[in-house]
Amino acid sequence: MAKKALLIGAGMVALLGIGTFLAAPPIIESCVNSALDAALLQANQHESVKVSRKTSRFDLWSRRLEIDDLVYEQASAYAAKVVVPKLTIEGINVLALTAEIFSGQPAPVDAVDAVRRFSAARVYAPTIEVEDRSLPGEVGKSTYRETIITDLKNGIAASLSIASAETQVPPDENITFEPMTFGSMRYEGIDIGLNLALLAPNAPRGDEMRPLFRSFTSEPIIMKGKAGDVALTLEIGGMTSDEMRVRPSAFDAERMMSAVSAIESAEARGETPPEDATHQVLTAVTDALLGVEMDRLAIDSFKMTVGGDQPGDVDLGPITIQGLKDGALLMLDMRDLHFEARGRRSLKASRYQLKNADFSGTLAFLRDKDMLNAIAEKQISPGDILRMLPRFEVVLEGLVQQENGDAVLEVAQQSLALTGPRGGLPSRFAFAMEGFSVPVPADDPRMDILKDFGIETLRGRLAYIMSYDDSASALKIDSVTADLDQLAALEGKLTLGKIDMTKLIDSPEAFAESLGEATFTKAQVKISDRNGGITRLMEKTAEERGGDLQTLKDELVVKAQVMGVLFLGGSAVEVMPALLKFIEDPKSITVTARPKNDAQPAAELYRSLHEGPQNIPNLLDFEAVAE
């Protein structure tokens with residue numbers, strides 16, 4: 001009897017298990033659809049958001065959810081409509097989903113919350129259509145094809161890929177655009193929840209940097225348009241990016257688009273845009289720039305073609321951006337640059353590098369409403385301008401400029417640098433043009449002296465370096481150099497003391513007054529022969545005077561002795577031997593001037609020189625060295 005009862009009990013348990021097994025899928029599927037309805041209802045509680053679907057199907061055995069005609073509309077300042085005709089979600093974590101449904105937790109409050117609470121092995125949408133309605137009277141439309149998301153968990157996906165896309169840019173005032181086409185795009189380690197949060201109104205934000213994606217690759221982007229009869233084509237080659245990080249609190253699409261909309265509306269009415277709106281746009285843009293970090297972005301090429309009566313081309317080879325952080329850029333590297341106004345002029349360079357660029361001062365300036373008003377009223381001080389300038393180093397290599405097919409300038413390397421502390425004044429400015437080559441114009445009478453020497457192309461080097469030492473209050477012209485290969489080289493240096501550049505920030509007038517206290521410390525001039533140029537110049541002078549070179553040298557020696565005693569005083573003893581040596585064998589001579597007193601007022605020196613050079617011996621000592 002007991003055995004029989006045991007068998008009956010076991011059968012009942014088995015029957016109950018089979019019944020539960022058979023009944024569970026419909027129950028769970030119904031719960032999933034109910035949960036989806038609840039989530040949509042919760043989302044629609046937001047005044048600015050509307051979400052709907054036509055139908056949905058969930059299959060427990062395949063763990064697959066299909067949604068038809070999913071529509072998301074956002075009516076805030078960043079207005080958009082997203083339509084997904086068919087969405088397939090595979091590999092749903094049934095246990096986690098069941099626990100979510102029966103846990104009693106409230107439905108997701110928005111799309112960002114929903115994505116972060118959802119897990120799936122694969123999300124697939126054959127087509128996604130997006131309408132951007134942010135600007136009044138303008139609708140931008142984008143279509144994304146074959147969108148696939150893999151291993152989505154807590155809002156982060158292992159990958160997101162898009163086979164192709166196109167965007168219809170609204171026509172501008174004078175330009176109409178064809179749809180912009182995008183090749184395939186792929187993100188690895190992308191935080192979809194964070195991407196949505198950056199655009200969603202009132203989404204939770206944070207101040208710490210967070211990875212937006214681990215890597216990104218894309219095929220070329222092509223944009224075509226027309227300005228009247230002028231055709232425009234823009235092509236950006238394939239791109240590759242390492243990890244990009246963002247500070248969520250730095251992005252406020254709602255604020256920026258609201259301000260942009262106010263500006264657009266005012267302009268449409270023929271009114272001046274609101275001052276606050278313009279400032280809000282600038283602030284939003286600068287916040288975003290300061291809130292991005294990127295290790296490396298590589299672009300295969302950049303090409304732009306302009307048609308019409310004055311056709312032109314811009315063609316840039318590989319472009320690399322490295323180390324973007326806190327408004328500073330470690331390096332921008334571009335190769336094979338080519339700018340051409342077809343049939344007229346062109347500019348080519350083998351390489352362009354922007355290094356150690358710091359735009360934080362410029363960005364802070366754009367955020368300062370009072371400073372912007374000062375610009376508008378033309379009341380900005382030179383010191384403020386110097387503080388806002390970016391700090392950078394630029395190097396341009398292999399420069400060739402042509403006009404009508406003929407080279408008018410070639411430069412082996414050209415550099416420009418402005419360096420200094422953040423928020424302060426620049427401490428160093430440097431410019432150099434190494435290995436330049438300029439054809440001598442045949443029809444320019446000012447160039448006759450060069451043509452007389454048989455110089456058809458002028459080659460050489462130019463440089464200018466100036467620095468400011470705040471601790472010593474010293475302003476230095478470290479080097480002013482003009483070096484012509486076929487003639488001579490001239491280099492000058494100058495040091496002034498008691499220069500307080502910080503006064504330039506507070507008051508230009510106070511700075512101008514302080515210059516009266518500046519002291520002269522040192523000046524130096526060096527003249528060097530290049531390839532016998534100075535000797536040839538002396539020979540040419542002697543020939544024009546009907547004499548020979550030695551006679552001219554003898555005359556120069558006599559004049560040098562007389563002028564030396566008159567203008568150099570006791571220093572003539574120090575200078576004359578070197579000067580006479582240079583006249584006899586002109587290789588190089590360096591003349592250095594120092595004040596007799598350690599603190600020679602520059603203003604007094606200027607007045608004495610202006611009154612007459614005979615006062616020089618009372619103020620300066622000279623020395624000279626000749627090779």
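The values are calculated or read from the model by the stated rules, or taken from the named source; none is laboratory data. All values reported here derive from a predicted model rather than from experimental measurement. Ideal geometry is used to build each Cβ from the backbone, glycine not excepted, and the neighbour counts take in all protein chains shown. In case anyone asks, the SASA skips ligands and DNA or RNA and just uses the protein heavy atoms, side chains included. Shrake-Rupley method; radii C 1.70, N 1.55, O 1.52, S 1.80 Å.
Structure notes:
- Of the cross-linked pairs LYS522/LYS559; LYS355/LYS451; LYS325/LYS348, those separated by over 32 Å at the C-alpha level are LYS355/LYS451.
- Debye log10 I(q)/I(0) for the chain, one point scatterer per Cα, at q = 0.05, 0.06 Å⁻¹: -0.42, -0.56
- Per residue accessible area in Å² of the stretch 143-258, where ligands, DNA and RNA are left out and the probe is 1.4 Å: 50 Å²
- Computed [θ] at 222 nm, helices only, for the chain once each DSSP H run of length n ≥ 4 contributes -39500 (n - 2.57): -9500 deg cm²/dmol
- Accessible surface, per residue, of the stretch 319-441 when the full set of protein chains is kept, probe 1.4 Å, Å²: 51 Å²
- Between helix 2-43 and the chain: long-axis angle, C-alpha atoms, 0 to 90°, nearest 10: 50 degrees
- The residues packed around THR481, meaning those with a beta-carbon under 11 Å from its beta-carbon, carry a net charge of -1 if Lys and Arg are +1 and Asp and Glu are -1.
- With all protein chains in place and a 1.4 Å probe, the accessible surface of the stretch 509-622 carries 56 percent carbon and sulfur.
- Too-long pairs where the Cα-Cα distance tops 31 Å, listed order kept, from LYS369/LYS493; LYS303/LYS369; LYS526/LYS596; LYS303/LYS476: LYS369/LYS493; LYS303/LYS369; LYS303/LYS476
- If you take the Cα centroid of the stretch 458-502 and the Cα centroid of the stretch 161-180, the two points sit 51 Å apart.
- Relative contact order (%) - the chain, alpha-carbon pairs under 8 angstrom, separation at least six: 5 percent
- Rolling a 1.4 Å probe over the heavy atoms of the protein chains gives the stretch 485-572 an accessible area of 56 Å² per residue.
- Rounded to the nearest 10 degrees, the inclination of helix 275-290 to the longest alpha-carbon principal axis of the chain is 90 degrees.
- Neighbourhood net charge (9 Å Cβ-Cβ; Lys/Arg +1, Asp/Glu -1) for ASN404: 0
- Nearest-ten-degree value, helix 533-544 long axis tilted from longest Cα axis of the chain: 40 degrees
- Accessible area of the stretch 344-420 belonging to carbon and sulfur atoms, whole % at 1.4 Å probe: 52 percent
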